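Asker: Sharing a structure below in structure tokens format, with a few things to ask.
The values are calculated or read from the model by the stated rules, or taken from the named source; none is laboratory data. Since we're looking at a predicted model, the values are computed, not measured. Quick reminder, even Gly has a Cβ in these numbers, built from the backbone with ideal geometry, and neighbours come from all protein chains shown.
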Amino acid sequence: MTKDELKALGLTDEQADKIVKDYENYVPKAEHEQQATALKQAKEEQKRIAKELDTLKKNNASNEELTKQIEQMKADAEKRQKDYDATIKQMKLDAAVDKSLLTAKAKNTKAVKALLDLADAEVGDDGSVKGLDDQLKKLKESDAYLFEPDKPKHKIDGLKPGEGSDPDDGQDLTDQQIFEQALNM
């Protein structure tokens, strides 16, 4: 939210300034999830390695068998590292695409994401997806209904209704007074 939007909600300038300043400490949800997943995978990897080392200590019957097990563990570790790197790369790509879609004011990010060609997409050093801006621009031109309009909506004012009558009119009258008013009309 911008400072003006916060002020429109009834906040003072000082409160709005504090909130806007606090936005700098905000971590996007996608980035938080990415870090949480990376931490979880690292902990799982650590547990797996500790378990494998314990198994090796128990089963170190011969040096040749131990060497084979170590080589197998190295190969497994390399495979897991490649899988981990691919997962992190995909998470970074998804986060960058989601951020770009929100910046482009997409109404439904899932629908827009399905229309994008992300097969060879890569995240640049600045955190943006190469070629995504061009795809979004073309998509905005062809399917503008998927995005919020850039122009503010026009406010349509109607006519002001006429003055109403007092809702308490005639509530405190007696039957005799109501009858007399009806005869005077």
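Asker: Out of GLN41, GLN69, which single residue is modelled with pLDDT of 85 or more and among the polar types (S, T, N, Q)?
Answerer: Within the list GLN41, GLN69, the selection yields GLN41.
Asker: Please count how many residues of the stretch 125-159 are at pLDDT below 80 and either charged (D, E, K, R) or surrounded by fewer than 11 Cβ atoms within 10 Å (Cβ to Cβ) (or both).
Answerer: Matching residues across the stretch 125-159 total 12.
Asker: Filtering the stretch 126-142 down to residues that are in a loop (DSSP other than H, G, I, E, B) and not polar (S, T, N, Q), which residue is nearest to ASP94 (Cα to Cα)?
Answerer: Among residues in the stretch 126-142 that are in a loop (DSSP other than H, G, I, E, B) and not polar (S, T, N, Q), the one nearest to ASP94 (Cα to Cα) is GLY127.
Asker: Mind checking which residues of the stretch 111-130 are of a type in the set (A, V, I, L, M, F, W, C) and out of contact with any strand residue (DSSP E or B) (no Cβ under 7 Å at 6 or more places or on another chain)?
Answerer: If the condition is that a residue be of a type in the set (A, V, I, L, M, F, W, C) and out of contact with any strand residue (DSSP E or B) (no Cβ under 7 Å at 6 or more places or on another chain), then ALA111, ALA114, LEU115, LEU116, LEU118, ALA119 are the ones that fit.
Asker: Continuing with the same structure: Please determine whether any residue of the stretch 88-110 is touching a strand residue (DSSP E or B) at 6+ places or on another chain (Cβ under 9 Å) and β-branched (Val, Ile, Thr).
Answerer: Yes, the stretch 88-110 contains a residue that is touching a strand residue (DSSP E or B) at 6+ places or on another chain (Cβ under 9 Å) and β-branched (Val, Ile, Thr).
Asker: Pick out the one residue from GLU44, GLU64, GLU31, GLU14 that is within 28 Å of ASP126 (Cβ to Cβ) and either of a type outside the set (Lys, Arg) or surrounded by 14 or more Cβ atoms within 10 Å (Cβ to Cβ) (or both).
Answerer: Step by step, each of GLU44, GLU64, GLU31, GLU14 is checked, and only GLU31 is within 28 Å of ASP126 (Cβ to Cβ) and either of a type outside the set (Lys, Arg) or surrounded by 14 or more Cβ atoms within 10 Å (Cβ to Cβ) (or both).
Asker: Do we have any residue at all in the stretch 24-37 that's of a type in the set (Val, Ile, Thr), without any contact (Cβ under 8 Å) to a residue 24 or more places away in the chain and either over 30 Å from ASP94 (Cα atoms) or touching a Gly at 6+ places or on another chain (Cβ under 9 Å) (or both)?
Answerer: Looking for residues that are of a type in the set (Val, Ile, Thr), without any contact (Cβ under 8 Å) to a residue 24 or more places away in the chain and either over 30 Å from ASP94 (Cα atoms) or touching a Gly at 6+ places or on another chain (Cβ under 9 Å) (or both), one finds none in the stretch 24-37, hence no.
Asker: Regarding LYS89, is this residue over 22 Å from LYS110 (Cβ atoms), free of Cβ contacts under 8 Å to residues at least 60 places away in the same chain and out of contact with any helix residue (DSSP H, G or I) (no Cβ under 8 Å at 6 or more places or on another chain)?
Answerer: Judged against the criteria, LYS89 is not a match.
Asker: When you check LEU139 against the structure, is it more than 21 Å from GLN35 (Cβ to Cβ), without any contact (Cβ under 8 Å) to a residue 40 or more places away in the chain and touching a strand residue (DSSP E or B) at 6+ places or on another chain (Cβ under 9 Å), yes or no?
Answerer: Judged against the criteria, LEU139 is a match.
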